[in-house]
Structures are given as C-alpha cells and as structure tokens.
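Take a look at the structure below.
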C-alpha cells in the first residue's frame, strides 16, 4: 500500500530523467553512457534529496540500472559523514541547509 509520502511512478520517471551521466558515444541507434563514480553518485543522490526526503528504497527505484543498492548506500554514508545529509525520524534521508 502506498503512503502519501512515497514516490509515484510519474515522480520516479521525472527524477530519473534529471540524472545526467557522461555520454561516451551517441548515434541514431544507441547512446552509451558511463556509470557514475563514487563522487558523481554522491552528487546525484544529494541532488535527488534536494527535491524531497527519500529512503534508500525510493532512491534505488530512481537509480535502478545506474547504481546498485550497495553503491547508493556507500554514497549516502559518504554524504552523512560529510554532514551534507541526515536521517530523519521516519528513516528518510534529508539534505542539510548550508
């Protein structure tokens, strides 16, 4: 059952479209993108969280096919260690205001 705070499919698609990756090759048939490195992934996650607080599952729904849950968890821990995000009482990751 979906709660009012969960992402709906339209939000997931919109946020996934906002993720920008480096293009290695592009032609009429195919676009080849690079997977983000750890720092790029942390930046992508931080940008997603600036849209709204999310839990790991929601972030993974948006980034499926780009990064594994373990990589996302690593990026979240990196951002937590740097004080750029925190975990709210409801278990969602929230960006800090700098």
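All of the numbers you see were taken from the coordinates with simple rules; none came from a lab. On a predicted model such as this, the values are computed, not experimentally measured, just so you know. Because the Cβ atoms are built from the backbone with ideal geometry, glycine has one as well, and the counts that use them run over all protein chains shown.
Tabulated results
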quantity	calculated
Taking 78, 54 and counting other C-beta atoms within 10 Å, the order from fewest to most	78, 54
Where labels lie 7 Å past Cα in the beta-carbon direction, separation of residue 84 and residue 70 in nm	2.2
Cβ-Cβ FRET estimate between residue 26 and residue 96, R0 fixed at 30 Å, reported to 0.05	0.25
